[in-house]
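First up is the structure itself, then whatever we jot down about it.
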Amino acid sequence: QTKGGYDVELVGWVDSVGRVGRALASEDGRVIYASGGSTEWRDSLIIVDISDPANPYVYKRIGHDTLWSAGIMVVDTFLYVWWLGSYSGRYIHELRVYGISDPLNPVLLKIPHRYEGPQSKSALLWGDACLHPTIDTIFYGFGDITSFTVSDPLNPRLISSTSGAGLSRSFSYPYLFTCSPDPPPYTPWYIYDLSDPSHMFMVHRDSVYE
């Protein structure tokens, strides 16, 4: 137990999953969705059955013809997956919406967004996300900080965007904490206020001497 923290006990694990960039649970808490399952893009979305916490197992893997999974988000019975790839100096980015009424068997419902072009544009939708606690908005924290409404689940709509998020980030609503691993001795870090999804802004910045 850490000071002021929680008692944590390992009750089960899954072998041979590969690299995982992000993992989220289904609404019923019986399934884990993991992105970036391995360097092989065909294996980059992993479905893990955790209905028996002591004996979790990989139920299936979902791939893409050409892209790898860069980020995921669960909202009610919908799974949002961001697929990314780079070819001949151009970036390809897709947002796919899956239905997860049956949590173990996601069904592709729609591809509401596809982008192909320079990297600066592709970063708009890529990365970790947190869900607003009271309104149906998703915040994104890689590259640009963007807010989207999913009031129409199959048609996410951009609300606002502001630049500045670093490569390492953590959400603790209403704040986003982010830092960039710049060369030593200084590592800059920033705090953004996300309480108003139409007006997100930096409230603090500092640096850590290493």
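Quick look at the numbers
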| item | result |
| --- | --- |
| Test: residue in the range 1-14 that is open to solvent by 50 Å² or more (accessible area, probe 1.4 Å), closer than 28 Å to ARG114 by Cβ and either modelled with pLDDT of 90 or more or out of contact with any strand residue (DSSP E or B) (no Cβ under 8 Å at 6 or more places or on another chain) (or both) | no |
| Residues of the range 76-85 satisfying the condition of being within 12 Å of the chain's Cα centre (by Cα) and either open to solvent by 10 Å² or more (accessible area, probe 1.4 Å) or farther than 12 Å from TYR33 by Cβ (or both) | TRP82, TRP83 |
| Residues of the range 146-171 classified as open to solvent by 50 Å² or more (accessible area, probe 1.4 Å), modelled with pLDDT under 80 and assigned to a loop (DSSP other than H, G, I, E, B), total | 2 |
| Number of positions in the range 86-114 that are over 19 Å from LEU24 (Cβ atoms), in contact with a helix residue (DSSP H, G or I) (Cβ under 8 Å, 6 or more places away or on another chain) and surrounded by 16 or more Cβ atoms within 10 Å (Cβ to Cβ) | 4 |
| Residue identified as out of contact with any strand residue (DSSP E or B) (no Cβ under 9 Å at 6 or more places or on another chain), modelled with pLDDT of 95 or more and not β-branched (Val, Ile, Thr) among ASP52, ASP28 | ASP52 |
| Hits in the range 49-75 - residues which are in a strand (DSSP E or B) and open to solvent by 60 Å² or more (accessible area, probe 1.4 Å) | TYR57, TYR59, LYS60, ARG61, TRP68 |
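The values are calculated or read from the model by the stated rules, or taken from the named source; none is laboratory data. If you're wondering where the values come from, they're calculated on a predicted model, not measured in any experiment. All Cβ positions, glycine included, derive from the backbone under ideal geometry; neighbour counts span all protein chains shown. Side chains included, ligands, DNA and RNA excluded: accessible areas come from the protein's heavy atoms. Shrake-Rupley method; radii C 1.70, N 1.55, O 1.52, S 1.80 Å.
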